[in-house]
1. For the range 129-196, state which trypsin sites (Lys or Arg not before Pro) are in a DSSP loop and have at most 13 other beta carbons lying within 10 Å of their beta carbon.
2. Based only on other Cβ atoms within 10 Å, what is the fewest-to-most ordering of TYR178, TYR152?
3. By how many nm would the segment from ARG284 to LYS636 grow when fully extended, if each residue of separation counts as 0.36 nm and the alpha-carbon distance is taken off?
4. In the range 106-128, which residues have a backbone nitrogen under 15 Å from the label point lying 7 Å from TYR152's Cα in the Cα-to-Cβ direction?
5. Expressed as a rounded percentage, what relative contact order does the range 9-201 have, with Cα pairs under 8 Å and six or more residues apart?
6. Subtracting the Cα-Cα distance from 0.36 nm times the residue separation, let me have the gained length for GLU566 to ASN629 in nm, one decimal.
7. I want the local charge near VAL43. Using Cβ-Cβ distances under 13 Å, sum +1 for each Lys or Arg and -1 for each Asp or Glu among the other residues.
8. Along the range 135-151, what does the Karplus equation 6.51 cos²θ - 1.76 cosθ + 1.60 (θ = phi - 60°) give for ³J(HN,Hα), rounded to whole Hz, x for Gly and Pro?
Amino acid sequence: MGRIRVLSDNVANKIAAGEVVERPASVAKELLENSLDAGATEVRIDVESAGRRLLRIDDNGIGMLRDDALLAFERHATSKLSDVKDLLAIATLGFRGEALPSIASVSRLQLETRAQEEQTGTKVEIAGGKLLRCDELARTVGTTISVRDLFYNVPARKKFLRSDQTELSHIGSLVTHYSLAHPDKRFELYHEGRELLQVTPVATMKERAFQAFGAGTMEHLVELEKQAAELNVPVPYAASRNSDPDAEAAEPSRFCLEGLVSGPHIQKLNRNSIFLFVNGRLIRDKLLLHAISTAFHNLMPAGSYPFALLFLTCDASEVDVNVHPSKTEVRFRHGAFVHDFVRDSIRNTLTHQRPASSIPFPAQSPMPARYNESADREPISRPFIAQQAPNLPFSEFSRMLDAQPAVERPSELRWEQPSARAHTNGGLPEIRIPAVQPVAHGFESQPLFEPKPQPPAIRRVPDTHGTLHHLPPEWEMVDSLAALPDLRPLGQLHESFIIAAGRDGLWIIDQHVAHERILFEKVLRQRAAGTAELQQLLSPIVLDLTVGQHLEYERIREELDAGGFETEPFGQRSIAIKAAPAGLSTGAIEQVIFEILEIAEQEMRGASLDNIRRDIAATIACRAAIKVNNKLEPEKVEYLLKALAQCEFPMTCPHGRPIALRYNTKDILRSFHRI
């Protein structure tokens, strides 16, 4: 007898289930996508024991005919593909025809469905891949699929499931994410009769994000308005796509991007707060993740990530979704174009919006976490909280304070003589605002799937200390860093921070990182124009390098020279520095060179030429910038604020440290109990 044999359908389905069905959330994903492909506008998901005992999805889609209901459980049976050419332009969420037979092979499944064309519905019961019964029943148009006892016949797979809380969190996140991609539909999620999520149809994606994440989160997000781009497809590809060998003109491929991103001051320690959708499909794509990271390069510290909710829409033929069994990964036909389009769209939005970072304040009272059933269980979902950024390099002021005894730390504010520009602005207007609840820095600490409790209204007794009148028309406006040109400098704190007054509160500017950002963008502009300013040294500085440093030097020598250095080999592993960028002290030149060469070898090799250029400019700018503990004349303060206002990205320094913090009027009045 031969060694090769054809597997039975039962074994083949269980193998396919190992690829498609990883956990209860995988079942929910496949069934939810089928409901959306069926045109459902209302979807309800009921879960028991986090999907182990029961996972039921009910929708009002087009339903199925009796024959289709039986055929749907055959392997590779689908209504979404008919020809191999359809694989080149998949516009539906599901298409493989493996989900239903795979799920039915590892559970007890019941299907109830009815199409508009039939007077009665169909009920199908399957256990472990075997058909038990098929009956008629009376029901409305739509489909209900109940999956019970998942992995009851594959106990080894069941052992790999996590706790109920973890599995339920995966299901809740999945439903929330798909509700974000379809704001025109209604989604409900219940766990053992308890409502976890209920969102009604809304007109815009921003309204749906408000439903899912709450007002506290939305305050820290910047809207990425719809960005569009076209790419002219080469003639051979256009011809193959049209199945017309005589096609002469190229077809333009259209791309559209919209969504929400956080400002650079919201820094996450992982990518779990980045949600990507391509043509309504939730994906995890390395190309798009890299584009987002590149957009925030020199705006956030290395190893930190933003919050992002992005929706990319393109022609179905521009993206291949048939590269992973669970359809969570895609491949773009023109990946470089998509990467640059996403990167530039995000970066241009941040340039235009210039989101400001507010001074973080602890919540007045901790909000109790909501628990599933008992007090000893974990919350249903982890809240979105902005983690503290890792320690950043070149933090001279922090090191100075850490080394100084607490009793010696001064707290006085140095007041400078107001400049002429400050006199022309006049006094700041008196301000009042309505009562609002405080929002801590970062995302509000509330679970995703439960409504936020509203605190009881507090009636304050009117005092006799006067009221605030004569408000300007824009008194409720929350300033971004576009307010920099209108700031009125007041003085210095610790001779390290500039204190200024603005339309919407008090501003604190770190003079070192502000000057660092100014110099960083100046170095990049000069590098692009080929006009880098340099200073000739009276005598060359000779540096001895290690083997690794010398190899790095050979690789980036041209970038060093273009950035304002003039270097040449001097011996076997030595280099001579004849000139350096203007502004660098002689003592800092050697340090800058070694800092550039000692950037992690892996990071340098994996970085693009543009990122290497930015890293060199960042190092030069940091060493040439004004230091802390440096008293500034009023004219110098005026220059810093004016130059900072003209920067493209005045939010953070090239290493990701915030430049300016705003103590807004709402927080000021709240602190004085005037609201």
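1. Passing both the DSSP loop test and the Cβ count: LYS159, ARG162.
2. TYR152, TYR178
3. 122.0 nm
4. 106-111, 125-128
5. The normalised contact order for the range 9-201 reaches 26 percent.
6. Between GLU566 and ASN629, full extension yields 19.5 nm more.
7. -3
8. Taking θ as phi minus 60°, the curve returns 10, 8, 7, 8, 6, 7, 5, x, 9, 10, 10, 10, 10, 10, 6, 4, 6 Hz for the range 135-151.
Throughout, read-outs are computed from the coordinates displayed, never taken from laboratory work. Given the structure is predicted, the values throughout are model-derived calculations rather than measurements. Glycine gets a Cβ as well: all are built from the backbone with ideal geometry, and neighbour counts include every protein chain shown.
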